[in-house]
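One structure below.
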Amino acid sequence: MKNLFFLVFFFSLNSYSQNSFILKKDGTKIEISDKFTDFQVINIDKRISYVVPGKTWEKYITYKDLDYASFGQYVFKSFKIKKKQKGYFVLADDVDKRLVCLVTAVTTKQGKSLYSTITYYDVLVLDLGDNIIETLYFKGTSKSADNVGLRKKVPELIKRNFQNCPKVIERMESFNTNDEYFMDILGFFDSPVYLKCN
């Protein structure tokens, strides 16, 4: 059985910032292409790929060297969590905490031509020292009682930690339709728009 790992993007860019860039930990700023398809997260290797404007080939930067990347409505940031370098999209930035997520699909090959894919959602509330305040980790489309229960906790987690961020709560509520298996809430993470609280 061979496992293939890749990151799932279900984003739709309605506008482009024309100010897309990467900020490295050493303070170096790199202008990058505004095209969303020119930016990829390669989580298994802990790096991102990007394209410089006017070029066609990809370049790479590791999470270790990355501070954050800003493109369109999205921010992808590198964190050191429990002594491990990780990368997440930032959904909310408040004065003392952040809401971050990473959506990852794991495709497993069974036999010669049979594949199955499971999408995982890793959601964290971090303080500004990159310490975990709260976390949720669940399978996206699983109808098991455990995973449905975890998806039901998403609105509570956001309201509890970001009560002073009406834009974040309003956006989350637009996905909180109370469908039978609470799968609509996944849209909040599938399109991880960056919102600054203050």
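The values are calculated or read from the model by the stated rules, or taken from the named source; none is laboratory data. What you see is a predicted model, and the numbers here were worked out from it, not measured in a lab. Heads up, the Cβs are rebuilt from the backbone with ideal geometry, glycines too, and the neighbour counts pull from every protein chain shown. The area values use the complete protein model at the heavy-atom level, side chains included, leaving out ligands, DNA and RNA. Shrake-Rupley method; radii C 1.70, N 1.55, O 1.52, S 1.80 Å.
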Pick from the range 115-131, criterion in contact (Cβ under 8 Å) with a residue 24 or more places away in the chain and under 15 Å from the mean Cα position of the chain (by Cα), ranking: farthest from F189 (Cα to Cα): L126
- request: Could you tell me whether the range 8-15 includes any residue that is more than 21 Å from K167 (Cβ to Cβ), at pLDDT below 95 and among the aliphatic types (A, V, I, L, M)?
  value: yes
statement: Given (1) open to solvent by less than 50 Å² (accessible area, probe 1.4 Å); (2) of a type in the set (K, R); (3) in contact (Cβ under 8 Å) with a residue 60 or more places away in the chain, K109 misses just (1)
query: Looking at the range 56-66, is at least one residue open to solvent by 60 Å² or more (accessible area, probe 1.4 Å), modelled with pLDDT of 95 or more and closer than 17 Å to V103 by Cα?
result: no
task: Could you pull out the residue among K159, K196, K152, K143 that is open to solvent by 30 Å² or more (accessible area, probe 1.4 Å) and within 22 Å of G72 (Cβ to Cβ)?
output: K196
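Kindly evaluate K46 against the criterion of being surrounded by 15 or more Cβ atoms within 10 Å (Cβ to Cβ) and in contact with a Phe, Trp or Tyr (Cβ under 8 Å, 6 or more places away or on another chain).
On the way: surrounded by 15 or more Cβ atoms within 10 Å (Cβ to Cβ): yes; in contact with a Phe, Trp or Tyr (Cβ under 8 Å, 6 or more places away or on another chain): yes.
Yes: the conditions hold for K46.
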message: Tell me whether the range 167-176 contains one or more residues that are open to solvent by 30 Å² or more (accessible area, probe 1.4 Å) and modelled with pLDDT under 95.
response: yes
task: Under 7 Å between Cβ atoms, at least 6 apart or on separate chains: pull out the pairs that start in the range 181-195 with a residue that is farther than 19 Å from D146 by Cα and end on any residue that is among the hydroxyl-bearing types (S, T, Y) and surrounded by fewer than 20 Cβ atoms within 10 Å (Cβ to Cβ).
output: S191/S12
field: Spans of strands (runs of 3 or more DSSP E) in the range 16-76 with at least 3 residues under 27 Å from Y120 (Cβ atoms) and of a type outside the set (D, E)
entry: 40-42, 47-50, 59-62, 66-71
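In the list L128, L102, which residue meets the criterion of being open to solvent by less than 30 Å² (accessible area, probe 1.4 Å) and closer than 26 Å to K24 by Cα? Full working, then the answer.
Values: L128 fails: open to solvent by less than 30 Å² (accessible area, probe 1.4 Å).
It is L102.
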field: Per-region count, the range 177-191, residues open to solvent by less than 10 Å² (accessible area, probe 1.4 Å) and either modelled with pLDDT under 95 or β-branched (V, I, T) (or both)
entry: 1
statement: In the range 132-151, anything free of Cβ contacts under 8 Å to residues at least 24 places away in the same chain and within 17 Å of the chain's Cα centre (by Cα) is listed as T135, L136, Y137, F138, K139
